[in-house]
Amino acid sequence: MTIRTKAPGPRPKPFLKWAGGKAQLLDVLIKRVKDAGLFPRYFEPFVGGGALFFGLFRLGLLQGKPVSLSDTNARLIDAYLGVRDRLDELIQLLQRHAAAHSKEYYYAMRAQVPEEPVARAARIIYLNKTCFNGLFRENSKGEFNVPMGSYTDPIICDEENLRACSSALKAVDIACRHFSEVLNLARPGDFVYFDPPYHPLSATSSFTAYDKGGFAEKDQRELAAIFTELTERGVKGLLSNSMTPFITELYSDSRFRIEEVYATRAVNSRADRRGKIAEALIRNYAIES
Ligand SMILES: C[S@@+](CC[C@H](N)C(=O)[O-])C[C@H]1O[C@@H](n2cnc3c(N)ncnc32)[C@H](O)[C@@H]1O
């Protein structure tokens, strides 16, 4: 008997570097999704780089299921739509960016947002591959303001992976929307993975400025209320966040199970301040045996 652990076909991995990306926790997250048993549809309302989506796809665990990926970062969604819908043009543009890459070119590209959607997608992928630490940061006017990184030979156009991602995203609903809209979309039995910006470990360690809006304690509270409502409706949900007293209090209702897992966080620009940090995985379902 052959036991198949990997789906045949393309093996996409996130095409962007993204702060808070879940590569570190991928195995445990995948295990917890499997533990939820069968579900008809999959939602990720804080998709970022999509580490879990691509991980589940690679294993064939989303085969035949409608999937919905969303985020409020419009530039990020531009990139997903470009990869899904305009792949060949996107690859051509990225090859041009790669050929032209220099310090002057980086800052010229950073300074202007093109009108044409596929050019916006290529610009953000180019900036993501060449900027400092793959960060996404905008000033109060919504202008991307991350300095150039110091890579000797950044891979700006990974054509094979972009093709694999495009085929993984083919039938996927991709939208720029607030997480609360999942309430209008998810039905009983569906699965939702929430990966909001981390609640800061201390007042000075905040790294929540994913976009101009940031993500404050009131947003974490709104998210907990939505997770509670989905739980009442029979939607299965898994959420990751920092293990802080505020978060454990927010999910202290007995319908939630809080588990402690460890990951290395890469958002601190000083390598000596990176280390293993306890994270909370919160779910609203029992593990089926
Ligand atoms: C921790 S990151 C997600 C990382 C992702 N799981 C990955 O693997 O790369 C959080 C994401 O939430 C998005 N976000 C922030 N506020 C939001 C909101 N109100 N609604 C939806 N998405 C939001 C950010 O743009 C960011 O991409």
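The values are calculated or read from the model by the stated rules, or taken from the named source; none is laboratory data. These numbers were taken from a predicted model, which means no experiment stands behind them. Cβ placement follows ideal geometry from the backbone for every residue including glycine, while neighbour counts extend to all protein chains displayed.
Cβ-Cβ distances below 6 Å connect the following pairs, each with a first residue in region 185-204 that is of a type in the set (A, V, I, L, M), a second residue that is assigned to a strand (DSSP E or B), and a separation of six or more residues or different chains: 186/43; 186/192; 192/43; 192/237; 201/242. Among the conditions (1) out of contact with any Leu (no Cβ under 7 Å at 6 or more places or on another chain); (2) within 16 Å of the ligand (Cβ to nearest atom), the only one that residue 52 does not satisfy is (1). Residues in region 83-103: is at least one surrounded by 14 or more Cβ atoms within 10 Å (Cβ to Cβ), within 19 Å of residue 177 (Cα to Cα), touching a strand residue (DSSP E or B) at 6+ places or on another chain (Cβ under 7 Å) and touching a residue at least 24 places away in the same chain (Cβ under 8 Å)? Yes, the conditions are met somewhere in region 83-103. Looking across region 187-215 at every residue that is at pLDDT 65 or above, near the ligand (Cβ under 10 Å from one of its atoms) and assigned to a loop (DSSP other than H, G, I, E, B), the one that is nearest to the chain's Cα centre (by Cα) is identified as 195. Scanning region 120-143 for residues that are surrounded by fewer than 19 Cβ atoms within 10 Å (Cβ to Cβ) and either under 14 Å from residue 18 (Cα atoms) or of a type in the set (A, V, I, L, M, F, W, C) (or both) yields 132, 133, 137.
Give 54, 46, 15 a once-over and let me know the one that is touching a residue at least 12 places away in the same chain (Cβ under 8 Å) and not in a loop (DSSP other than H, G, I, E, B).
Working: 46 fails: not in a loop (DSSP other than H, G, I, E, B); 15 fails: not in a loop (DSSP other than H, G, I, E, B).
The unique qualifying residue is 54.
Exactly one residue out of 28, 47 is within 12 Å of the ligand (Cβ to nearest atom) and assigned by TED's automatic domain parsing to the domain that holds residue 189: that is 47. Across region 62-88, the number of residues qualifying as within 21 Å of residue 190 (Cβ to Cβ) and more than 16 Å from the ligand (Cβ to nearest atom) comes to 4.
Restricting the first member to region 118-136 and to residues that are of a type in the set (Val, Ile, Thr), and the second to residues that are within 15 Å of the ligand (Cβ to nearest atom) and in a helix (DSSP H, G or I), the beta-carbon pairs closer than 7 Å and six or more apart or on different chains are 124/75; 124/78; 124/79; 125/79.
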